[in-house]
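The values are calculated or read from the model by the stated rules, or taken from the named source; none is laboratory data. Fair warning: this is a prediction, and the values are worked out from it, not measured in the lab. Backbone-built Cβ (ideal geometry, glycine too); neighbour counts: all protein chains shown.
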Amino acid sequence: MSTADRNAFFVLIGGFVLLAVSFGARTSFGVFLPSMSVETGFDIAMLSWVLAVQNIVWGAAQPFAGRLSDRYGAAPVLFAGGILYALGLAMTAFAHDYLVLGVSVGLVLGFAQSAIGFPVVLGALGRTASDKNRGIILGIATAGGSFGQLVFSPLSQSFLKDYGLVDSFLILAALCLVAACLAIFVRRETKPTAEQRAEVAAHPGQSLREVLSRALRDRSFVLLTAGFFVCGFHLAFITFHLPNFAVVCGLSAAAGVTGLAVIGAFNIVGTIAAGQMGGKFRPKYPLSAIYALRGLAALALLFVPVTEWVLLVFSAVMGLLWLSTVPLTSLTVAKLHGPTNVGMLFGIVFFSHQVGSFVGLIMAGEFYEMFGNYDAMWIASAVLGFFAAVVHLPIEDNRKLVPLPIRS
């Protein structure tokens, strides 16, 4: 094993666990949503609004968290994110009015999630892993979020049943504190020296504004960003509303929670497979296929009576396609603009993902309150899936990197 891959292994351990805990805790809100509505009096639409704010704050802060990790290393950013996540969950446990709920769930957890987001972890791994193994390592790290969903969906349901809503949030907060300590493993990443940081900061064409301006003038980068909007729309809607969708279909909320766990289980396979495909094929082709298949899966729910078995099959299919977009999208960013600023640039792409999450949550909550079902959301999910499949095809992910402009 090379030194790079040995270091990447340690980074992978810390990053995997942190992603598992943060994404697992986030998934738990879908489990807690019906109980939160009953116990606090917040309606589904309002809870969806608060969660939507969380996603937009997460997305807006993500490029800056990525930039900090690019320049100073991911470990301190991840540690701070774990502490902030624990604080936000503890505040949520005692939130009984909209102001406290908005601050804890919307702002504190939004900022925390940006610090433990994929761009920070995958940026560290992208800088550290060897070219040969980068794709598969990114896929395994992304599976950390899926593993968290697999474990925390039934675990959170068990906490809720045995300890109640308040104590469940406090237990999750304690787990985040423990996970934050694992950021020490991420200190093994390959990061710039103080001299290199100073050179990058002073180098013409390397400032935050110039790197961003260059990326936004790139048609392929813009298309990739537009496509990732759809990923966020799908994930937020399904993560937070699948248990309630099960109830609407005459099933138990537990069936929806089981569906979330199945998504997490199958996505472990999906993300690792996507990482491998990213090393063998041009990433845009599997990305296009993933979005097209998501559209078909959403469309199927409109024509097939939803039983527990149908919900499980849908969850398994969606699980294979769930976060498999993440390593492929991260690889595409690196192919388009190189690995130096991948944390920040993937953060920009990820902001689009979170805008999609915001829109998906708002639409899901409002449509549910208007119609009492999710048919309109499945139609929107199918249309957007097909849109994203087409948008990725023109991306030039095999071109030679264009050097950054140098001013005299």
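Taking ALA226 as the residue in question, decide whether it is modelled with pLDDT of 75 or more and surrounded by 21 or more Cβ atoms within 10 Å (Cβ to Cβ). The answer is no for ALA226. Checking the stated criteria, ALA255 turns out to be buried (at least 17 other Cβ atoms within 10 Å of the Cβ), free of Cβ contacts under 8 Å to residues at least 60 places away in the same chain and either among the β-branched types (Val, Ile, Thr) or in contact with a helix residue (DSSP H, G or I) (Cβ under 9 Å, 6 or more places away or on another chain) (or both). Screening LEU302 with (1) part of a helix (DSSP H, G or I); (2) touching a Phe, Trp or Tyr at 6+ places or on another chain (Cβ under 8 Å) gives one miss only, at (1).
Scanning the range 116-156 for residues that are closer than 22 Å to ALA80 by Cα and of a type in the set (Val, Ile, Thr) gives ILE116, VAL120, VAL121, THR128, THR142. Residue selection: LEU212 fails the criterion of being modelled with pLDDT of 90 or more, surrounded by fewer than 21 Cβ atoms within 10 Å (Cβ to Cβ) and assigned to a helix (DSSP H, G or I).
Could you list, in sequence order, the residues of the range 223-244 that are more than 12 Å from the chain's Cα centre (by Cα), farther than 10 Å from SER352 by Cα and not polar (S, T, N, Q)?
Within the range 223-244, the subset more than 12 Å from the chain's Cα centre (by Cα) is 223-227, 230, 237-238, 240-244.
Filter once more, keeping what is farther than 10 Å from SER352 by Cα: 223, 237-238, 240-244.
Correct list: LEU223, PHE237, ILE238, PHE240, HIS241, LEU242, PRO243.
Taking the condition out of contact with any Asp or Glu (no Cβ under 8 Å at 6 or more places or on another chain), crowded, with 22+ Cβ neighbours inside 10 Å, among the hydrophobic types (A, V, I, L, M, F, W, C) and more than 28 Å from ALA261 (Cβ to Cβ), does VAL103 pass? So VAL103 fails the test. The sole residue among LEU101, LEU78, LEU109 that is over 23 Å from PHE10 (Cα atoms), part of a helix (DSSP H, G or I) and at pLDDT 90 or above is LEU109. Scanning the range 351-408 for residues that are in a loop (DSSP other than H, G, I, E, B), modelled with pLDDT of 90 or more and surrounded by fewer than 17 Cβ atoms within 10 Å (Cβ to Cβ) returns LEU393, PRO394.
The set of residues from the range 36-61 being over 21 Å from MET370 (Cα atoms) and among the hydroxyl-bearing types (Ser, Thr, Tyr) comprises just one member, THR40. Assessment of the range 72-88 against the conditions (without any contact (Cβ under 8 Å) to a residue 60 or more places away in the chain, surrounded by fewer than 18 Cβ atoms within 10 Å (Cβ to Cβ) and farther than 17 Å from ARG26 by Cα) yields no matching residue. It is to be established whether one or more residues within the range 269-278 are under 19 Å from the mean Cα position of the chain (by Cα) and modelled with pLDDT of 90 or more. Within the range 269-278 (the criterion being under 19 Å from the mean Cα position of the chain (by Cα) and modelled with pLDDT of 90 or more), the answer is no, since none of the residues qualifies.
Considering only residues that are aromatic (Phe, Trp, Tyr) and within 27 Å of THR128 (Cβ to Cβ), which ones fall in the range 53-94? I'd like the intermediate steps shown before the answer.
Restricting attention to the range 53-94, the residues satisfying the condition of being aromatic (Phe, Trp, Tyr) are 58, 64, 72, 79, 85, 94.
Residues satisfying the conditions are TRP58, PHE64, TYR72, PHE79, TYR85.
Among the residues of the range 53-70, is there at least one that is in contact (Cβ under 8 Å) with a residue 24 or more places away in the chain, more than 17 Å from ILE348 (Cα to Cα) and not in a helix (DSSP H, G or I)?
Taking the range 53-70 and keeping what is in contact (Cβ under 8 Å) with a residue 24 or more places away in the chain, we get 53-67, 69-70.
Then drop every residue that is not more than 17 Å from ILE348 (Cα to Cα), which leaves 53.
Now drop any that are not not in a helix (DSSP H, G or I), which leaves none.
Among the residues of the range 53-70, not one is in contact (Cβ under 8 Å) with a residue 24 or more places away in the chain, more than 17 Å from ILE348 (Cα to Cα) and not in a helix (DSSP H, G or I), which makes the answer no.
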